[in-house]
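In what follows, a structure is listed as structure tokens, so that the remarks can point back to it.
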Amino acid sequence: MSTIKEISRKAGVSPTTVANVVYGRTTKVSPAIREKVQAILEAEKYTPNMGAMMLLRNNSKIIGVIMFTEPRHNETVLEDPFSSAILGAMEREIRSNGYYMMLYISSDEEEVVRLSKAWKMDGLVLVWVPGTICRIINSSIDVPLVYIDCFFNDEDHVYHNIGLEDRKGGYEVTKHLLSMGHTNIVFLPCNPIFPGGDSERFSGCKDAFAEQGMVLSDTARVPLPYDRTKREKIYMQLAGKDAGYTALVFSSDYYASEALTYLQEHGFRIPQDISITGFDDNIFSRLVTPRLTTVHQDSSKKGLLAIQMLMRLIQGQDVEPARVTLPIYLQIRDSVRKL
């Protein structure tokens, strides 16, 4: 790769002039010289030194992203298309604004707070952070901050959040199951440690039952562990005749697809023996057979809107509303049978 000195020789200007163009001090360079140097930089595919840019601009050009979830031993959170769609949309928007993304995954509350304070960055996005520590983070750091899918325990701070109609999603899928004759259902949340949206979705399930004059017991909620072998044992237990359930209601297409495939491999017919629903409407829901009835959400839009909101905050603009709630709708396919 060419150096600034080599580019200066090709352009017939001083190294200082090239450095001014590279690091954005364009008021010191005439338009004609700037265009000439920029053309050579592009032809040589010159990449500036990030450390020098940070010192000269007094900023990092880095956007931090922390996903608050348990790091997994035999799989990663990025295997779920829901997570990767959010991250992909954020990275693309961050890059288009001339910034760089730094990602960290943790479920340690103290570590998240420490990293939020220690990282030198221009903005921060926090995903799935429990409300118990949002207040601490919000009052501890100075950089612009946006949350995704977070729930807050106080109204003393302004929280910029991109969320979802989680409760309505739980209601819509359960209302459909009830219309198909399923009253013995079990809800399987995907985050056993920090429920967040899962709790809202289960509340929506309860709403649909209450609307029909029935009660959905708290015992109809079985959190799924992160260990796949343990999850598979739960699938077998819940789908068995002794359990008495007619439908498994998952809070994630990832686990719904996993359960559907695993149960089929062990002789269960879907939906003849057990009906299954998901949540997200990601690519897994359309690749499995039968295709999943699920709750649709635009996960890529979550990532896009979060970064757009963050960029406005970085630029000192007012952002209204501070909390955005994206819509859902029920996508009916083939994984539920009418009793």
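Relative to the longest principal Cα axis of the chain, at what angle does helix 253-265 sit, 0 to 90 degrees, rounded to 10?
Roughly 50 degrees between the two axes.
Excluding ligands and nucleic acids, what accessible area in Å² is computed for Tyr254 using a 1.4 Å probe, to the nearest 10?
For Tyr254, the solvent-accessible surface is approximately 20 Å².
Would you list, by chain and number, the lysines whose Cα falls below 27 Å from the Cα of Lys241, excluding same-chain residues fewer than 8 positions away?
Lys175, Lys206, Lys230, Lys233, Lys338
Rounded to the nearest 0.05, what FRET efficiency is calculated for Asp334 and Gln237 with R0 set to 35 Å and r the Cβ-Cβ distance? Numbers along the way, then the final one.
On the way: r = 24 Å, r/R0 = 0.70.
Computed FRET efficiency for Asp334 and Gln237 comes out at 0.90.
Under a cut-off of 16 Å between alpha-carbon atoms, report the aspartates and glutamates in cross-link reach of Lys120, not counting same-chain residues fewer than 8 places apart.
Glu111, Asp142
Starting at the first residue of the range 291-303, write each ³J(HN,Hα) from the Karplus equation 6.51 cos²θ - 1.76 cosθ + 1.60 with θ = phi - 60°, in whole Hz, x for Gly and Pro.
Each residue's phi maps through the Karplus curve to give 5, 7, 6, 8, 9, 7, 9, 9, 5, 4, 5, 4, x Hz.
Hey, what angle do you get for helix 197-211 against the long axis of the chain, alpha-carbon based, 0 to 90 degrees rounded to 10?
Compared with the principal axis, the helix lies near 40 degrees.
What is the percent carbon and sulfur in the accessible area of the range 202-339, measuring with a 1.4 Å probe over the protein chains and ignoring ligands?
Details: 3230 of 6530 Å².
C and S fraction of accessible area: 49 percent.
What's the extension gain from Trp119 to Lys45 if we count 0.36 nm per residue and subtract their Cα-Cα distance? Show your work: numbers first, answer last.
Details: separation 74, 0.36 × 74 = 26.64 nm, distance 2.90 nm.
Fully extending the segment from Trp119 to Lys45 adds 23.7 nm.
Taking Cα atoms, how many degrees apart are the long axis of helix 228-239 and the longest axis of the chain, rounded to 10 and kept between 0 and 90?
30 degrees
Just checking my list [x] 15.1; [y] 20.7; [z] 17.6 against mean projected area of the Cα convex hull in nm² computed from this structure; which label fits?
[y]
What FRET efficiency do you get for Lys28 and Val319 if R0 is 35 Å and r is their Cβ-Cβ distance, rounded to the nearest 0.05?
Numbers: r = 34 Å, r/R0 = 0.98.
Once the sixth-power term is evaluated, E becomes 0.55.
If all Cα-Cα distances of the range 216-302 are sorted into 5 Å bins from 0 onward, what percent lands in each bin, rounded to whole numbers?
Values per bin, smallest distances first: 3, 14, 27, 25, 20, 8, 3, 1, 0.
Setting aside same-chain residues fewer than 8 positions from Lys45, which lysines have a Cα under 19 Å from its Cα?
Cross-link targets: Lys5, Lys10, Lys36.
For the range 207-272, what is the accessible area per residue in Å², given a 1.4 Å probe and the full set of protein chains? Working shown, then result.
Working: 3270 Å² over 66 residues.
Ligands and nucleic acids excluded, the result is 50 Å² per residue.
Given the -39500 (n - 2.57) contribution per DSSP H run of 4+ residues, what per-residue ellipticity at 222 nm results for the chain, rounded to the nearest 500 deg cm²/dmol? Let's see the in-between values first.
Values: 13 runs with 146 residues, N = 339.
Value at 222 nm, helices only: -13000 deg cm²/dmol.
The values are calculated or read from the model by the stated rules, or taken from the named source; none is laboratory data. Bear in mind the structure is a predicted one, so any value in this text is a computation, not a measurement. Cβ sites come from the backbone with ideal geometry, for glycine too, and all protein chains shown count toward neighbours. The accessibility values were calculated without ligands, DNA or RNA, using every heavy atom of the protein model including side chains. Shrake-Rupley method; radii C 1.70, N 1.55, O 1.52, S 1.80 Å.
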